[in-house]
Amino acid sequence: MSDQHAELAEPTAPAASDSPDPDDLWQSITLLHAWLEADQPHGGQEGLLLRTLKLQEEVGEVAQAVIGATGQNPRKGTTHTWDDVQSELCDVVITALVALRTLTPDAHAVFTTHLAGVTERSLGSRRG
């Protein structure tokens, strides 16, 4: 792993008694990250790259679900629902946040700061 990631603490798998508060997004992301880190076959830079590639896989599953929900494949017809699309979009968000947490232990702060910047750029310049 590169020097910029050297400050990451050794991961520990969540205890069986750890029950994340379903309303605490970042607690869940931290627990999922620890779970993945505890049993990953590839570490360091390679592990980070593979975790990032997982995001592309999840985005592909969104596309597959949209195609299935709209029946765009004449050979298969309608194979998914819009609920399936919602679930796949959630998987994209979770995978992205876990990848961000893999990149930095300050994922919550990095995301919050970035979201505030995007919101300001997008909505701050609106003319009413």
When LYS54, LYS76 are ranked with the fewest other C-beta atoms within 10 Å first, the list becomes LYS76, LYS54
In whole percents, the bins of 5 Å from zero upward hold the Cα-Cα pairs of the range 43-123 as 3, 15, 16, 16, 16, 14, 10, 7, 3, 0
Between the modelled labels at LEU53 and ARG75 (7 Å from Cα along Cα→Cβ) the distance in nm is 2.5 nm
Diffing the range 47-53: the Karplus 3J(HN,Hα) column from phi (6.51, -1.76, 1.60, θ = phi - 60°), in whole Hz with x for Gly and Pro, holds x, 4, 5, 5, 5, 5, 5
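Laboratory data are not the source of any read-out in this text; all were calculated from the coordinates shown. All of these numbers come straight from a predicted model, not from anything done at the bench. Note that each Cβ is placed from the backbone with ideal geometry, even for glycine, and that neighbours are counted across all protein chains shown.
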